[in-house]
Amino acid sequence: MLSALLIAVAAATGPPGAAQPAADLYQATVIVTGTDTRSRPIGFGQALRKVLVNVSGEPRLHDDPRVTALAAHAAASVASFSYVDRMAGRPVHDEQGTRDRPYNLTVKFVRARVDKMLAGLGQRPWRGRRPVVVPVLAVRIGTTAYLLSVDGPEGAEQRAAFADMARDFDLNVRFPAGADFAAWGVRPGRFPAPPAAAATDEAVVAGTLEFNESLPGWVGTWRWRWRGADYAWEIRGVSFDEAFRDICRGVLRAASGHGAPD
C-alpha cells in the first residue's frame, strides 16, 4: 500500500496537455488478420467500441450489451478505413502469403452517426480537455525494485506498454525523470507527503506495481486526486499491460465526469 498520495508535479518538465482534436476521436485503430472481408466486420466492431468509449469518456460502454448490438452493424457508420502491414519489410514465410499477416486497421466513423448512437445510449460527446497521465509508480518484481522513470534503465517495455494503453484511450502520458523523483524525495517502495499543487491538465496517479508469483500476475494499487476528489482502486493478477490499461480507464472515467474508477 502507498504511504501517501503524490498529487503534484508542477515543477516537472513538459507542457500541460492540449485538448484532443474532436475529429481524431471518431477514428480508432485495431489489429486484424489479413485485409479481406473475413476479419473486417469484427475489426469495424472493435473500432466502434473504442470510438464510443473515447468520444464519451465512459469506459463501461465497451462491454455494454447495447454496444455489442451496435458493433454488429458498425460497417454502416464507417466513413473510411485503411490498412498498414505490421510486418512490412519482412518476407512472406508461409504458403498462405499475406492473407494471415497482422495489419493495423484504422477506421474513421461518421461523426453524426456516432453522436446519435451515444444519445441512444444516454451519453454525449465529452469535449473537455483530456489530462496527461503522469504515472508515479514504484515497481517490484522479486528482489528488484525501481521507479518507472523516463530515463531509468529498468522498465523500457513497461513504458512502451503504458504509452500504448494511453493511446488506446486517446490520452497522452508523461513519465517523470529521475531528477523529478529526487526532487520530490520519492524512493522505490515509499512515497513522500504530497507537494503543493498539481498542474491543471496532468493526472498524477501514484501507485505500486508488484509481481505476485502466487496469483500469478501483477498487483497494482493506485491513488489519485482530481478536482478535489480522492480516488483509490486496484487490480490483481493481470499483465502489466492490463494494469496500465486500468489506470488509463480510471483516469478517463473520472476526468470525463462519469464517476469513480472501477
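Sorting 240-251, 58-69, 162-173 by average packing, meaning the other beta carbons within 10 Å per residue, from highest down gives 240-251, 162-173, 58-69.
Once each part is reduced to its C-alpha centroid, what is the distance from the range 142-184 to the range 50-86 in angstrom? Their Cα centres are 29 Å away from one another. For Asp115 and Asp63, a Förster radius of 30 Å and the Cβ-Cβ distance give a FRET efficiency of 0.90, rounded to the nearest 0.05. Pairwise alpha-carbon distances in the range 200-262 exceed 19 Å for 29% of all pairs. Local charge for Leu105 was computed over the other residues whose Cβ lies under 13 Å away, with Lys and Arg +1 and Asp and Glu -1, and equals +4. Ala232 to Ala182: FRET efficiency via 1/(1 + (r/R0)^6), r the Cβ-Cβ distance, R0 22 Å, to the nearest 0.05? After rounding, the FRET efficiency stands at 0.25.
How much net charge surrounds Val134 when only other residues with a Cβ under 14 Å from its Cβ are counted (Lys, Arg +1; Asp, Glu -1)? Spell out each step's value before the answer.
Values: positive: Arg130, Arg159, Arg174, Arg223, Arg225; negative: Asp180, Asp201, Glu202.
Around Val134, the charge tally is +2.
Split the accessible area of the range 196-260 by element, probe 1.4 Å, and carbon with sulfur accounts for 45%. If a/c stays under 1.5 just call it rounded; otherwise compare a/b with b/c (prolate if a/b is bigger, oblate if not). Do that for the range 68-186, with a ≥ b ≥ c from the square roots of the Cα gyration tensor eigenvalues. Judged from the Cα gyration tensor, the range 68-186 comes out oblate (a/c at least 1.5, b/c at or above a/b). Computed with a 1.4 Å probe over protein heavy atoms only, the accessible surface of the range 100-166 comes to 45 Å² per residue.
The values are calculated or read from the model by the stated rules, or taken from the named source; none is laboratory data. Note that this is a predicted model, so its numbers are computed, not measured. Cβ coordinates were reconstructed from backbone atoms using ideal geometry, including for glycine residues, and neighbour counts include every protein chain displayed. To get the accessible areas, we keep the full protein, side chains included, count just its heavy atoms, and leave off ligands, DNA and RNA. Shrake-Rupley method; radii C 1.70, N 1.55, O 1.52, S 1.80 Å.
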